[in-house]
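The values are calculated or read from the model by the stated rules, or taken from the named source; none is laboratory data. Predicted, not measured: the structure shown is a model, and the values here were computed from it. Cβ sites come from the backbone with ideal geometry, for glycine too, and all protein chains shown count toward neighbours. In case anyone asks, the SASA skips ligands and DNA or RNA and just uses the protein heavy atoms, side chains included. Shrake-Rupley method; radii C 1.70, N 1.55, O 1.52, S 1.80 Å.
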Amino acid sequence: MVKILQILTRLSQYQIVFLACILLLIVGYLDYVTGVEVSVSIFYLIPIAMCAWFLSKWVGIIASLSSALVWCSLDFLASEKHYSHPLIPYWNALVMFSFFLVFALMLSAFKKRLELEDALAKEVQRGLFPHQFPQVHGYDIFGLWQPARTVSGDYFDVLMLDDRFIGFCIGDVIGHGIPAAILMSNLQASVRRTAVYNARPEELCFHINNFVIDNLVSGKFITFFYGILDIQDKTFTYTNAGHNPPILFRNDGTTRHLTNDGFMLGIERDFNYPQSTIQLLPGDLLELYTDGVTEMKNSQNEWFGEERLIETLSSSRSLPANEICHQIMKSVMQFGNNNIQDDITLLTLSIMEQNSSADLN
């Protein structure tokens, strides 16, 4: 059923109308050949539901009227039926139309209610992500978030810890939809509460891991990456808890992956996470991302992959951080024909060239 809904969602309005008409004719034919002994009236609800859900309330009303007319016409053609009064078939047709109409209106109202709730949930979750990024001379920071559904299990944040240190977080709750979004919000609150004490990445991941195990649903795991940028020394200290390794694109064109052997959050209590430190250089570019980027698939079932991500970084590295994020998003969406299969999150840190006097945008 889920697969069918996913396929129908990808169809255009004209394709939905065409398919609904075909289904109406099929149901009408079955109604005719089965005669009066077997009722197939309930199957008229299928094309009505398609029109009311995927198109609009008014198209659903038209589909209800069309289905009632088909049913009424077949009722007249059934020669076996003999009514005691000539108005009875018209009354039956009116009752059938009323039934179809109520179904279409209720389904449309239910969808509208869901859309309103989804819009509210998305707005609430969007408010959890940073709207502005720290403006620090010599650095350019920007992030993007695109959920596959209304809400997302992806998470990113940029925390100005003090005048010298900036925290970078990115994570991905295993799963989708509302449950993943709730876990994500709990994760964000816990990270912010712990980060204010200037906890080192290894310490923060230790405490967050125990929090996940003690307070969240059993069997739910979170990939997570946390790093602290030292603005003065241009060092980046980080811990990777099973997340996609961020890519450090060096000024000389070489790349490095920021990884260490940390478990995902929620697997083992009191796990001691490793910590690493790297030196950043002018012209370097650090890209944090979730697996929705590299695991985007095209029509040939190929993944976008890390190699294409690095190629995109290479071609856009001279751009501001916000344009780099949008360029990656554009490349990923074009590759997947705008069919978002998983939540996509990007977080870019660009270290300005020494001769650049521009501040962050």
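Values as computed for the structure displayed
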quantity: Relative contact order (%) - the chain, alpha-carbon pairs under 8 angstrom, separation at least six; calculated: 16 percent
quantity: Residue among Y238, Y90, Y273 with the largest mean-square fluctuation in a Gaussian network model of the chain, springs linking Cα atoms under 10 Å; calculated: Y90
quantity: Listed values (1) 25, 41, 22, 11, 1; (2) 28, 58, 14, 0; (3) 28, 44, 21, 7, 0, entry calculated as P(r) over Cα pairs in 20 Å bins from 0, in percent; calculated: (1)
quantity: Peptide ranges 240-251, 294-305, 96-107 listed from the most packed, as the mean C-beta count within 10 angstrom indicates; calculated: 240-251, 96-107, 294-305
quantity: Potential lengthening between W58 and Y29 on full extension [0.36 nm per residue; Cα-Cα distance subtracted]; calculated: 7.9 nm
quantity: Length released on extending from V38 to V124, taking residue separation times 0.36 nm less the Cα-Cα span; calculated: 25.9 nm
quantity: Förster radius 56 Å - calculated FRET efficiency between I7 and E323 (Cβ-Cβ, nearest 0.05); calculated: 0.95
quantity: Share of carbon and sulfur in the accessible heavy-atom surface of the chain [1.4 Å probe, %]; calculated: 58 percent
quantity: The chain: calculated mean residue ellipticity at 222 nm from DSSP helix runs of at least 4, using -39500 (n - 2.57); calculated: -15500 deg cm²/dmol
quantity: Magnitude of the charge dipole, the chain, Cβ model with Lys/Arg +1 and Asp/Glu -1, debye to 20; calculated: 1100 debye
quantity: Electrostatic dipole magnitude of region 115-233 [Cβ: Lys, Arg +1; Asp, Glu -1; Cα centre; debye, to 20]; calculated: 200 debye
quantity: Three-way shape call for region 212-361 based on the alpha-carbon gyration tensor, with the a/c threshold at 1.5; calculated: oblate
quantity: The chain: DSSP helices with Cα axial extent of at least 24 Å and average Kyte-Doolittle hydropathy no lower than 1.6; calculated: 13-34
quantity: For peptides 175-182, 158-165, sequence by mean Cβ density within 10 Å, most packed first; calculated: 175-182, 158-165
